[in-house]
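Structure first, then comments.
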Amino acid sequence: MHHLLLSPMTWALLWMAVAWMSWRRGRAWWRVVLVAAGLAIVLLCTPLGANALIRVVESHVPTDARCGAGDAGAPIVVLSGGLADEPRAQDDYIALMPASWRRLRGGVALWRSGPPVPMVIAGGGPFAIKEATVLSRLAQDWGIPATLLREETQSTTTWESAMALRGTLPARVRVVSSATHLPRAVVAFRAAGFTPCAVASDSAFVPMGSAGYFMPQLSAMQKTQLALYELAGTVSYRWKAGRSKAE
C-alpha cells in the first residue's frame, strides 16, 4: 500500500482528478497552487528531481556517525537488502535482490581493508531459508572465514535487526548498507543502544548527464519513490526511538 501512496504516478493521477474537478470553479490562488503542484510532480518524475531528493536523503547521516581510522577493529554489521524470490538452497544466490549483493560486497570490501573482525549479517524474511543465511554462504565464497561470521535471521525490518543484536555486540559497530538506507539504520541502531558508524555500500545518486536528465523517466519515478520511502521510514523510526526513551 505504501508503494502506491509514495509513487509520483499516484500523485499525478490525483492531481489530474483534482484539477479536472476544481479548475473552472477555483480562484486564482488555487490555480497557482495546482500549477505549482503539477510542476513539482513532473520534476520528481525526472532524474533531476529524483537525484536531488536522493542527495537530500543520503546526506542525512550525522557527522558523528561516520567511521574513522580508529574504527578499524569494530565489528561489521551488514544489513540485508531483501530477496527477489524464495531461495531453494543456502547457495541460491540468484534469489537475492541486487541491494543485498551490493551491501554484502561493501561489507566484504570493508572487512578486507583492515584486521580480521567479526561480521554479522542481519535479515530474516518470510521464507524457510533466511536472507542472512544465503548472504552468509556468499560471504564465505568471497573469503570471509565461517568462524568470524554470524547470522541474525529473526528480523524482518531494520528496526528489528537492531533490537535483535542489542547486547550481543560492542556498542561501537560499523553498519554497512545502501547510502539511502543508512540514515534510517543509524536511528534504529542508536535506539538499540549502539554508537554505530555508517559505511555506504553504494549510492543511488547519479550526477547530471545528458538531456535525458531533464525528461520524465520510469527509473526516476522509482528513485523518487525510494527516497520518499526512506524519508518516511526515518521519521517513523525517530518517533519510535522517542517513544522508547519516554517509556
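Bear in mind these aren't lab numbers, they're just calculated from the coordinates by the rules spelled out. Note that the structure is a prediction, hence the values are computed from the model and not measured. Cβ atoms come from the backbone with ideal geometry, glycine included; neighbour counts cover every protein chain shown.
Of note:
- With kT/(6 pi eta Rh) evaluated at 37 °C and eta = 0.692 mPa s, and Rh the Kirkwood radius from Cα pairs, region 1-110 diffuses with a coefficient of 177 µm²/s according to Stokes-Einstein.
- Dmax and Rg, reported as Rg then Dmax, of region 64-200 (C-alpha, Å): 13.5, 41
- Our estimate of slack between residue 156 and residue 203, defined as 0.36 nm per intervening residue step minus the Cα-Cα distance, is 14.6 nm.
- Cα centroid separation, region 5-35 to region 101-136 (Å): 45
- Each label point was placed 7 Å from the Cα along the Cα-to-Cβ direction; for residue 66 and residue 39 their separation is 3.4 nm.
- Inter-centroid distance (Cα atoms) of region 72-98 relative to region 138-174, Å: 11
- For the chain, 45 stand unpaired, since no other cysteine beta carbon lies under 4.7 Å from theirs.
- 5 Å binning of all Cα-Cα separations within region 47-97, expressed as whole percents from 0 upward: 4, 13, 12, 12, 15, 16, 17, 10, 1
- Over the chain, the hull volume per residue, using the convex hull of the C-alpha atoms, is 166 Å³.
- Degrees separating the helix 8-22 axis from the principal Cα axis of the chain, which is the longest one: 20
- Range of Cα positions in region 188-247 per principal axis (Å), largest first: 52, 21, 12
- Neighbours of residue 109, meaning other residues whose beta-carbon lies under 13 angstrom from its beta-carbon, give a summed charge of +4 when Lys and Arg score +1 and Asp and Glu score -1.
- In region 170-218, Rg over Rh equals 1.23, where Rg is the alpha-carbon radius of gyration and Rh the Kirkwood radius from pairwise Cα distances.
- Multiplying the residue separation of residue 32 and residue 20 by 0.36 nm and subtracting their alpha-carbon distance yields 2.9 nm.
- Within the chain, DSSP assigns beta bridges of which about 5% are antiparallel (rounded to the nearest 5).
- Per-residue Cβ neighbour counts within 10 Å put 76, 94, 121 in the sequence 94, 76, 121, beginning with the fewest.
- Per-pair calculated FRET efficiency, R0 = 25 Å: residue 101 and residue 218 via Cβ, rounded to 0.05: 0.70
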